[in-house]
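Undergrad: One structure follows; several queries about it will come next.
The values are calculated or read from the model by the stated rules, or taken from the named source; none is laboratory data. Small disclaimer: the values here were computed from a predicted structure and weren't measured. Cβ sites come from the backbone with ideal geometry, for glycine too, and all protein chains shown count toward neighbours.
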Number of protein chains: 2
Amino acid sequence: MSRRHEILRRAAEIFARKGVAHTSIENIAEAVGLKREAIYYYFKSLEDILLEIILPQSTTLHRNLRNVMATHHSAKDKLHEAIRVQLDSYNPGYLEMSILMRENHYFKDKKKLDELHKLWQDMTELWVDLVCEGQASKEFNPDLDPRIVALGVLGMCNWVSRWFNPGQSISIPDVIDTFFTMSSQGLLYVDKESL
Amino acid sequence: MSRRHEILRRAAEIFARKGVAHTSIENIAEAVGLKREAIYYYFKSLEDILLEIILPQSTTLHRNLRNVMATHHSAKDKLHEAIRVQLDSYNPGYLEMSILMRENHYFKDKKKLDELHKLWQDMTELWVDLVCEGQASKEFNPDLDPRIVALGVLGMCNWVSRWFNPGQSISIPDVIDTFFTMSSQGLLYVDKESL
């Protein structure tokens, strides 16, 4: 692991544990066993470190969602895949994702912040598209507002960063399948063999 | 509005706009038109102000959820009511709720923090109970893990604090009904007239 990579890894751990607003460059330096000045050799600021953690994750998530939407699968299958894409990021990268989802970010680097916000907006729109597609193909209930539905499913997925603990008994594949069944079939117990 | 109440109201606005970690006693004093010292006449610390905003909201939410669970309605109706309880708090109190849901809190007052965490844990357990009840009465799909389901619906509701904007076209009653339909019937378009 390169020194640079090690700084990012340790920073991600500290961010996730203490919150970004309560983390200082000193905290990160201490965890890596470097002096504060040495960190500045690699990164300009704390925000710079945070962005280098968040941007690649968001770019990957966005690309994976776009790939799901580009297939010719049914909207139902795309829903399953999109939930998987959204939640698989918690598995190896749950620390980074939990930071991404939990904090409000105040960056001085407005250009990179705009880039991040644009990625997040685009991802929401991909989710809205997915719902609209399912309504157009008569797979999904056409009476529901596609934006509220999209934000609802995204909320289920993103809230996982608040409660998921990789050491506990609930596994990510279980969460994916449960959320898919919930959002596609609902909780009500009826004979849905035909679906 | 008493001076004390005014401080809480202004603080809530600033917390919601800037995030708690980026708010100082000075910011609040300035918004109320007082000196920093005058704020300390009413509150011991910033955390103290935050807790006085969050605790009453959480207590009300918890009591309302308990009341829903204490009725003899069907699990399906309880689900609708519980979603309503969870989301109605955004209407007059959306600012406070958005703070509550968005920030990680680091309080020095461990006793009050424990009280808050206990309330939140109890609320999650009430949601798990609701799902278990619906499974026991054969209203809800018995194959789903009740905890994952509960955290999923809670996630949908809590994530609203991230995107809801009271000035925009989406209304809270629409969100409540859409989330209820989504979580009870699912998105898939089938004849569910019988439900």
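Undergrad: Can you give me the ranges of the helices (runs of 4 or more DSSP H) entirely in the stretch A:1-90 with at least 3 residues that are closer than 23 Å to A:LEU113 by Cβ and either without any contact (Cβ under 8 Å) to a residue 60 or more places away in the chain or outside the structural domain of A:LYS112 (by TED's automatic domain parsing) (or both)? Lay out the reasoning, then the answer.
TA: Values: elements: A:3-18, A:25-32, A:36-42, A:46-70, A:75-88.
Here the list reads A:3-18, A:25-32, A:36-42, A:46-70.
Undergrad: Can you tell me which of (1) within 23 Å of B:SER171 (Cβ to Cβ); (2) more than 18 Å from the chain's Cα centre (by Cα); (3) at the interface with chain B (Cβ under 7 Å from one of its Cβ atoms) is the one A:MET182 doesn't meet?
TA: (1)
Undergrad: I've got another one for you. Across the stretch A:145-168, which residue is nearest to the other protein chains (Cβ to nearest Cβ) among those that are in contact (Cβ under 8 Å) with a residue 12 or more places away in the chain and in a loop (DSSP other than H, G, I, E, B)?
TA: A:PHE164
Undergrad: Now, a different point. Only residues in the stretch A:111-127 that are within 19 Å of A:GLU52 (Cα to Cα) count as the first member; pair them with residues that are among the hydroxyl-bearing types (Ser, Thr, Tyr) and assigned to a helix (DSSP H, G or I), Cβ under 7 angstrom, at least 6 apart or cross-chain, and list the lot.
TA: So the pair list comes out as A:LEU116/A:SER58; A:LEU119/A:SER58; A:LEU119/A:THR59; A:TRP120/A:SER58.
Undergrad: Within the stretch B:28-45, restricting attention to residues that are over 16 Å from B:GLU13 (Cα atoms) and surrounded by fewer than 16 Cβ atoms within 10 Å (Cβ to Cβ), which residue is modelled with the lowest pLDDT?
TA: B:SER45
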